[in-house]
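Notes follow the structure.
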Amino acid sequence: MFQGKKKMKTILAGVTALAATTALLSGCGSSDKGEESSGGSKNVTLTMIVSGNKAADGQDFELDVLPKMVNEKFPNIKLEVQKLPDDQYNTSIKTKLAAGEAPDIFRVWPRMGSAASIIDLSKAGYLADLTDLPFMSNISEGARSDMSNDGKVYGITKGIDMLGTYYNKDLFAEVGITEVPQDWQAFLEACQKLLDAGVTPIVMGDKDPWWIQFGAYQLAANTVYSADKDFDLKLQSGEKKFTDETWVKALSMYKELYEKGYIAKNTLGLGGPQATQMFIDGKAAMVFDGTWDFPTLTAQGAATFERGFFPLPGNEPGQPVWQAVSTAAGWAVNAKSAHLEEVKQVLNYWFDSSSDLFAEWVKLNPSISAFNGVPLNNDLYKYSYELYQSGGNSIYFANQMWPNGVADTLQVKFGEIIGGRKTTTEDVASAMQAKFDELWKK
Amino acid sequence: MNGGIAKKTLTHIGISFVLLLNILPLLIALSSSFRSVSNMTNPLQLFSEFSLESYRVAFDKMHFMQALGNSLMLTVISVVVVVLFTSMAAYPIARINNRLSKALYLFFLCGLVVPSQMVIIPIVQTIQGLHIPSSQYTPILMFITCSIPFSSFLYTGFIKSSIPIEVEESALIDGAGLMRRFWQIVFPLLLPVTVSVVITQGVWIWNDYFFNMIFISRAAESPLPLAMLGFMGDQTNPTAWNVLFAACFLCALPLLVMFAFLQKYFIGGLTVGSVKG
Amino acid sequence: MNSAVLKKTMYWFVVPALTMYLVFWIYPILRLFQYSFSDYNGFIQNFNYIGFDNFSQIFKDGVAGTSLSNTLIYTLVFVVFSNLIALGLAFLLNMKIRATGLYRTAAYVPTLFSAIVVGFIWSYVYMPDSGLIATVLSWFGVDGASLNLLGNYSSALYAITAVDVWKHIGTSTVIFLAGLQTVPVDLEEAGRIDGASSWQVTRFIRLPLLATSMTINVTLSLINGLKAFDYSFIMTNGGPGRATSTLLFEIFRMAFREMQYGKASALAVVSFIVIIAITIFFVLRLNKREVSA
């Protein structure tokens, strides 16, 4: 009897423990639903996750302005926005997609650029077809097709990004460089002049390895794509290889800048923030970067000087310079979203050129707009932008046509060159080709 | 006696120097956090300016109070459950000396070597398969799970070394059941090691952004580290580092306060707990 | 505790923790083993089983070799330095002086910050030319510009290890402190009365009694080192080249950047085995020494 009672109690203890566990398991997250208001109009919460960082000063478009204005226009729609840095974003969005828990609206990159790209995600059936939305005809042809796969539009870009060379006009004038270098020879001479005057010609943030792409793609635009715009298609069909002369040439030209000391030594120890710091402090005359970095590169540093921006001239004398200009990342819609109608309502309002939200977006958007009829808002880019508009000599950022991972190999192997290893430019090209062959299956 | 005082002063100077060196990198961050947002000159120019603007921006943009509330909720629930579950689990493992106990002990300990970044996709699929919705509370499951190995290790060592079976004897004679013996007699005696568990697990759960990032999709539900992540730059975005540092100190402040109060118990808990074990 | 029934029922107490552990930790790990034989890319659910291809690919690439040796060097440096420095600091903080509470808090503070922020701060410490170290060196007339710790192939790995050591010292120190406080005061006094120097007291009385905390610290730092990921990810992106690419970083790169989840799982499986083997080897050896000490 005594024994029995005790046994009872211990079994009870066990059951309680089990119950505690199951209560915990099922109790978790039971609060997700309950958005249906009892009245007539349906209250909807839309979720949106993007990459990037919060604006430190003033209003952030995606985090502050967008949700507020959407809610004012559609009182029944609440938009919840979250921002994460690129790498964290990529991990997060992939895991969420794999689990079927993706947000309604999220960040995508054009073509095959980055890990969450239009082509990869649309192939997997994760993206909703946006082709029929009324504002599509207002987006420039190129930007639309970069966000498409198999003739269907899956994303809306933030705008257009250019790679280029930011330069310190005061330092250029000081050493007697009177005009923007127009070809490779002139560029090298300008660097030499700066170096002779004791000025560091170029600083880069190669510790963040993607910076290597900033220079390499501008040079490749001239050596590879100026002669053959379809190089990457031929690469995919196996007709061309990275080891062909043209890519090796681009890499060799880039290597030359490091060998001659034009690009500061030690760049492998500098991250992006430190490199831009040196530029705005007036410690280096140039930096290769994109238009997205406008706020940092124009911030007030230790020195006050005038900035300029020109495409890195990788061309032969007499040839036109080719630029690396690309459709920027943008937004896509989850194909499995439970509120597709509401999402489309929001997009139609947002991208309607006559809406107040659109005007606000244009005002706060650092990228050059891909919408027809929106003027350029930063004078710094006027030179490059007019060149791009008039000549049309431009190519997308090369990695957008490669499986994600090839650019990574470029960074790793070219990093070895910067670090003074015995790696040759041919080694870099063949490593890129090997990685391409490994990843290009489909 | 004078020599004694001199020696003591020297010791103090020595220790202060070593510790100053230790927190020097944090001083850089602290000084940057006291700058105005637009002051982007080199952060190594220490304390060139004193402004609380960065704190104000960080406070607003992170929705600090809301995020703090979320952080507290996540951490407190997780830590309470960890303490309950693992102290319970450790009890039989420590008390019963047989193969099963040993196997369980090692089995739990093994979990320590597996990094969560790697297993995240299967984890999320498992949670999905169990039809547990992805919400503000989902990370708690993983916080608890990942805390099990180390906490049960601490508890087992402590019970084995410091809670002799004799303390339960009178209760046994009275015929007290397992539940009463554990909750009324053993559990209160575990206080020192409980403090250690609370600090060691509380700190990582408080700072973790990984599981939060995977499961939480709404800004209003974000805890502090996730809200802070928004100030980090990336490939196409500059880092707002004055604000980031301010955010970081705001985020660590509650921990600092907690540690300052609990450090005495903390070290004590480890003393009798793991170390004697 | 004699009743066999009683013993068995006590095991009910393990159930809650064990259930969670099995469901959310062990089961997903088994799934990972399954994926290691597939060409799963991480988000498209239809995939094929491809046998041991992933495993042979890893070893053919040489990726496993580089990242394994990086991880081992990282671990060795991490274990040795974090424990030595922490031990010294623990002795200092165990002295009977005022304000030890304040000092202990100061020693533990770095542990309270998240790795992301720590990584970011330290990139300013290491920055060539105008970084903290370079600046301090220039006060002594040494040219800081040539010092490029993170950008140099031979030093980058040690540089990020140092950051991890810095962040980890607080934890190890506290565990050592706890161990030191178990040293009975009368034993130390007895030693002194017998004419032992303070070095001898340390060597023959304190150190042997620290054996257990040593085991814990070495084991924890060993596991920490073998799991190294944060600073390669935050500070160097595995670079320059692959100089700081640890096992876990390489797995991450494969899984989330190259979208080869299957191959990454295979490398993960290999890593688990290596980590568990090394850990068990050391734990067993340390336990043996502890008994004989």
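Just so you know, all these numbers are worked out from the coordinates, no wet-lab data involved. No experiment lies behind these values; they were computed from the predicted model shown. Cβ placement follows ideal geometry from the backbone for every residue including glycine, while neighbour counts extend to all protein chains displayed.
Laid out as a table, the results:
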item	result
Crossing angle, helix A:211-220 versus chain A [Cα axis fit, 0-90 degrees, rounded to tens]	50
Cα-based Kirkwood hydrodynamic radius, chain C, one decimal, Å	22.4
Förster-model FRET efficiency, 35 Å R0, C:Ser197 and C:Val136, C-beta, rounded to 0.05	0.50
Volume per residue that the Cα convex hull of chain B spans, once the total is divided by residue count, Å³	195
Neighbourhood charge, 10 Å Cβ-Cβ cut-off, centred on B:Leu74 and excluding it, Lys, Arg +1 and Asp, Glu -1	-2
Inverse mean reciprocal Cα-Cα distance (Kirkwood Rh) of the protein assembly as shown, Å	30.5
Most mobile of B:Ala67, B:Ala171, B:Ala220 in a GNM of chain B (Cα contacts under 10 Å)	B:Ala171
Space enclosed by the convex hull of the alpha-carbon atoms of the stretch A:252-400, per residue, Å³	177
Residue-count net charge about C:Thr171 - beta-carbon cut-off 13 Å; Lys, Arg +1, Asp, Glu -1	+1
Gyration tensor verdict on the stretch A:329-415 (Cα atoms; rounded if a/c is under 1.5, prolate if a/b is larger than b/c, oblate otherwise)	oblate
Tensor-based shape of chain A (alpha-carbon gyration tensor, a/c under 1.5 rounded, otherwise prolate or oblate)	prolate
Degrees, to the nearest 10: A:382-391 long Cα axis against longest axis of chain A	80
Helical segments meeting 15 Å axial Cα length and Kyte-Doolittle 1.0 threshold in chain C (DSSP H)	C:63-93, C:115-126, C:156-180, C:211-226, C:261-292
Of all DSSP beta bridges in the protein assembly as shown, antiparallel share, percent nearest 5	60
Helix-derived mean residue ellipticity, 222 nm - over the protein assembly as shown, DSSP H n ≥ 4, -39500 (n - 2.57), to 500	-17500 deg cm²/dmol
Backbone N under 14 Å from the A:Lys229 label point (7 Å along Cα→Cβ), restricted to the stretch A:123-163	A:141-143, A:145-146
Which of A:Tyr89, A:Tyr258 has the fewest Cβ neighbours within 10 Å, and the rest in rising order	A:Tyr258, A:Tyr89
Given charges at beta-carbon only (K, R positive; D, E negative), |dipole| of the stretch B:53-273 in Debye	300
Between helix B:191-207 and chain B: long-axis angle, C-alpha atoms, 0 to 90°, nearest 10	40
Relative contact order of chain B, pairs being alpha-carbon contacts under 8 Å that are 6 or more residues apart, as %	29
Net length gained if the chain between C:Asn287 and C:Thr182 were fully extended (0.36 nm per residue, minus Cα distance)	35.9 nm
